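**Student:** Take this structure, written in structure tokens, and hold onto it; I'll ask about it next.
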């Protein structure tokens, strides 16, 4: 079941959901709009290796914005820091973003109960498009859970994305055993 605006506010007031900074005007009927942070990153190597740690190069989006180019994967980050303690957060693109030809996540739209961090965005585009820090980039939708959770994400010792960062975080696939 998806939380409504009133339920999201209830969860915020109880601390079950945390959004910092929170802006009431970003609360939709059943979602919350998040914004593009000021940092982007690209991988240093053109060929990525799933078994190796692929390094990224970070840079800041200037006041004049930044033009995304097709064929490049950009890692972005949300301005908002979020926590979810009893719901499953889903990060979805906004239709306005999609209509500019921008995809904000390749595969990782679902968060885990206990995720406490900024969201890293996997940004790509179909044609050149100028983006700006602070622009609405995605929306969070919250689903109620059913049942007890054995171990929250933020309490897992093997969780790869627990270190809080306001900058984009590269893939940690190389930490998997395969």
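**Student:** (1) within 26 Å of residue 125 (Cα to Cα); (2) modelled with pLDDT of 95 or more; (3) touching a strand residue (DSSP E or B) at 6+ places or on another chain (Cβ under 8 Å): which one isn't true of residue 62, the others all being true?
**Tutor:** (3)
**Student:** Could you tell me which of the residues 137, 141, 123 is surrounded by 16 or more Cβ atoms within 10 Å (Cβ to Cβ), in contact with a helix residue (DSSP H, G or I) (Cβ under 8 Å, 6 or more places away or on another chain) and either in a strand (DSSP E or B) or at pLDDT 95 or above (or both)?
**Tutor:** On the way: 141 fails: in contact with a helix residue (DSSP H, G or I) (Cβ under 8 Å, 6 or more places away or on another chain); 123 fails: in contact with a helix residue (DSSP H, G or I) (Cβ under 8 Å, 6 or more places away or on another chain).
When all the criteria are applied, what remains is 137.
**Student:** Looking at the range 36-49 only, could you name the residues that are more than 12 Å from residue 134 (Cα to Cα) and either at pLDDT 95 or above or surrounded by 13 or more Cβ atoms within 10 Å (Cβ to Cβ) (or both)?
**Tutor:** 40, 41, 42, 43, 44, 45, 47, 48, 49
**Student:** Looking at the range 53-68, which of its residues are in a strand (DSSP E or B) and surrounded by fewer than 16 Cβ atoms within 10 Å (Cβ to Cβ)?
**Tutor:** Answer for the range 53-68, where residues must be in a strand (DSSP E or B) and surrounded by fewer than 16 Cβ atoms within 10 Å (Cβ to Cβ): 57, 58, 59, 60, 67.
**Student:** Can you report the number of residues in the range 88-111 which are over 18 Å from residue 20 (Cα atoms) and in a loop (DSSP other than H, G, I, E, B)?
**Tutor:** Narrowing the range 88-111 to residues over 18 Å from residue 20 (Cα atoms): 92-110.
Pick out the ones that are also in a loop (DSSP other than H, G, I, E, B) and you get 94, 99-101, 104-109.
Within the range 88-111, residues that are over 18 Å from residue 20 (Cα atoms) and in a loop (DSSP other than H, G, I, E, B) number 10.
**Student:** Just one of (1) under 18 Å from residue 43 (Cα atoms); (2) in contact with a helix residue (DSSP H, G or I) (Cβ under 6 Å, 6 or more places away or on another chain) trips up residue 105, so point out which.
**Tutor:** All conditions are met except number (2).
**Student:** Also, I was wondering about something else. Considering (1) closer than 22 Å to residue 11 by Cα; (2) modelled with pLDDT of 95 or more, say which one residue 129 fails and leave the rest.
**Tutor:** It is condition (1) that residue 129 fails.
**Student:** Same structure again: Name the residues in the range 8-31 that are touching a residue at least 60 places away in the same chain (Cβ under 8 Å) and either surrounded by 13 or more Cβ atoms within 10 Å (Cβ to Cβ) or on the phi < 0 side of the Ramachandran plot (or both), would you?
**Tutor:** Within the range 8-31, the subset touching a residue at least 60 places away in the same chain (Cβ under 8 Å) is 8, 11, 15-20, 26, 28, 30-31.
Those that are touching a residue at least 60 places away in the same chain (Cβ under 8 Å) and either surrounded by 13 or more Cβ atoms within 10 Å (Cβ to Cβ) or on the phi < 0 side of the Ramachandran plot (or both): 8, 11, 16, 17, 18, 19, 20, 26, 28, 30, 31.
**Student:** Separate question: Within the set of pairs 6 or more residues apart or between chains, which connect a residue that is on the phi > 0 side of the Ramachandran plot and without any contact (Cβ under 8 Å) to a residue 40 or more places away in the chain inside the range 83-106 to a residue that is part of a loop (DSSP other than H, G, I, E, B) and buried (at least 19 other Cβ atoms within 10 Å of the Cβ) with Cβ atoms less than 7 Å apart?
**Tutor:** none
**Student:** If only one of 76, 93 is surrounded by 13 or more Cβ atoms within 10 Å (Cβ to Cβ) and modelled with pLDDT under 95, which one is it?
**Tutor:** Numbers: 76 fails: modelled with pLDDT under 95.
So the residue among 76, 93 that is surrounded by 13 or more Cβ atoms within 10 Å (Cβ to Cβ) and modelled with pLDDT under 95 is 93.
**Student:** Further question: Going through 8, 19 one at a time, which residue ends up being within 22 Å of residue 94 (Cβ to Cβ), outside any loop (DSSP other than H, G, I, E, B) and in contact with a helix residue (DSSP H, G or I) (Cβ under 9 Å, 6 or more places away or on another chain)? Even if it seems obvious, please write down each step before you answer.
**Tutor:** Values: 8 fails: in contact with a helix residue (DSSP H, G or I) (Cβ under 9 Å, 6 or more places away or on another chain).
Exactly one of 8, 19 is within 22 Å of residue 94 (Cβ to Cβ), outside any loop (DSSP other than H, G, I, E, B) and in contact with a helix residue (DSSP H, G or I) (Cβ under 9 Å, 6 or more places away or on another chain), namely 19.
The values are calculated or read from the model by the stated rules, or taken from the named source; none is laboratory data. As the structure is a computational prediction, the values presented were derived from the model and not from experiment. Don't worry about glycine lacking a Cβ; one is built from the backbone with ideal geometry, like all the others, and counts go over all protein chains shown.
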